[in-house]
Amino acid sequence: MTNDSQFAEFDSVHMRRALALARLGWGQTAPNPMVGAVVVADGSIVGEGYHARYGESHAEVVALRGAGEHARRATLYVTLEPCAHFGKTPPCTEAIIEAGVARVVLAVRDPSPIAGGGIERLRGAGIQVDIGVERAAALELNAPYFNALASDRPWIVLKLAVSADGAIADATRRPRWITGPASRTEVHHLRAGVDAIGVGVGTVLTDNPALTVRDVQVPRVAPRRVVFDSTLRTPLDAALVRTAGQTPTILVARNPDPERLRRLEDAGVVVITAATARDALVQLRQREIRSTLVEGGAKLAGRLIAEELVDRLIIFQSPIELGSGGLDAFADAPPGFAESLGRHQVVERRLIGDDTMTVYALREIPCLPD
């Protein structure tokens, strides 16, 4: 291994540590991104930190505070360009300059017109700044944040639980667990990191779900519940309607019956009308929903896939088989979609209990070049 490659690996190791720290802010920092930072002096970590909660100290400040005097002439690894503006906290660039840091290694530039400019400020102060270490992982970590600065719709993650033979329901169509408890806990972790959870009305009629976050760390702001319900078939006694006063619930309709609309709104439900799925998503983004975890079923999944509105597809595949007559996960998707997945990048694949979770990238994350 050459000296250059050893140096690059040294940087990657510490950036990966910073990324691991950043993930500790899952569900707590939005609308801010998750950020981690590591201070390294003489080859050793002397300080580290992460943005733990919206409005609290940024990762760089926490790491520098931990490093103390060891930060002077040290290298700071940070997963996102340090901010150069006064927001909820003072500019991180000024804390870095005052600490006497010699070099800053960052994963990706911040495209925000408000928070950006940190690189130029640091270089202007004589600090070496290197960009792009573990860039892809840093983009993936904060995909909704980057998307929100470049798109008029939320970042859409479609989650499907499927059997070994590719079905999401057996021939009876009765509700049943397909994946194991570890996968179900992981889904609640995913819920904690988004602004909204979306389902089709068929899921409401079949499962009467609560669409809340359970069994994991409670997010700072509970995700809103969104039901795609073109004719407002959601029952007035559905769990989502009965709890709309505690957790905001939005129904997306096309041509709602006025009386039905009135009764749902009286119950505290918000109803928006949209002719297309894309129009619905644009309206959700206008309501400050930056990210949505869509949990099916087949009709809604097929509709979003057909309109090319899915950014990430997460499949939890169980080892059990549902047999003949099962409902194919992609029954309503364009022909050949399932076969096309082999051409898409696999962002992550791992075992969760007895199930396999695979994350496919269906679209690129929009971001300014470094």
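Before moving on, here are some points about what is shown:
- Carbon + sulfur, % of accessible area of the chain - ligands and nucleic acids excluded, 1.4 Å: 50
- Here the stretch 1-138 is treated as an ellipsoid with the same Cα gyration tensor; its semi-axes, largest first and in whole Å, are 21, 16, 15.
- One decimal place: the segment Arg363-Gln128 gains 81.3 nm when fully extended, by the rule 0.36 nm per residue minus the C-alpha distance.
- On the basis of the beta-carbon distance and an R0 of 45 Å, Arg220 and Asp257 show a calculated FRET efficiency of 0.75.
- About its Cα centre, the dipole of the chain is roughly 780 debye, where the only charges are +1 on Lys and Arg Cβ and -1 on Asp and Glu Cβ.
- Each peptide among 349-359, 70-80 gets the average number of other Cβ atoms lying within 10 Å of its residues, and from highest to lowest they stand as 70-80, 349-359.
- Unit charges at the beta carbon, dipole of the chain: most positive-side option, Ala222, Gln128, Phe316: Ala222
- The candidate values were (1) 66, 47, 34; (2) 66, 49, 37; (3) 55, 49, 42; the one computed from these coordinates for Cα extents along the principal axes in Å carries the label (1).
- Relative contact order of the stretch 1-117, pairs being alpha-carbon contacts under 8 Å that are 6 or more residues apart, as %: 22
- Binned Cα-Cα distance frequencies in the stretch 145-209 - 5 Å width, integer %: 3, 12, 19, 24, 18, 10, 8, 4, 1
- Sequence-separation-based contact order of the chain, relative, with Cα cut under 8 Å and 6+ spacing, percent: 16
- Mean ellipticity per residue at 222 nm, deg cm²/dmol - from DSSP H runs of n ≥ 4 across the chain, formula -39500 (n - 2.57): -8500 deg cm²/dmol
- Rolling a 1.4 angstrom probe over the protein heavy atoms with all chains in place gives the stretch 79-223 an accessible area of 40 Å² per residue.
- Cα centroid separation, the stretch 27-42 to the stretch 113-136 (Å): 15
- The residue among Ala244, Leu24, Ala161 whose Cα reaches farthest toward the positive pole of the charge dipole of the chain, with charges on the beta-carbon of Lys, Arg, Asp and Glu, is Ala244.
- Heavy-atom accessible area order for Thr276, Thr29, largest first, 1.4 Å probe: Thr276, Thr29
- Prolate/oblate/rounded label for the stretch 102-145 (Cα gyration tensor, a/c 1.5): oblate
The values are calculated or read from the model by the stated rules, or taken from the named source; none is laboratory data. Everything numeric here is computed off the predicted structure, so don't read it as measured data. Neighbour counts run over all protein chains shown; Cβ positions are idealised from the backbone, glycine included. Keep in mind that these areas ignore ligands, DNA and RNA; they rest on the heavy atoms of the full protein, side chains included. Shrake-Rupley method; radii C 1.70, N 1.55, O 1.52, S 1.80 Å.
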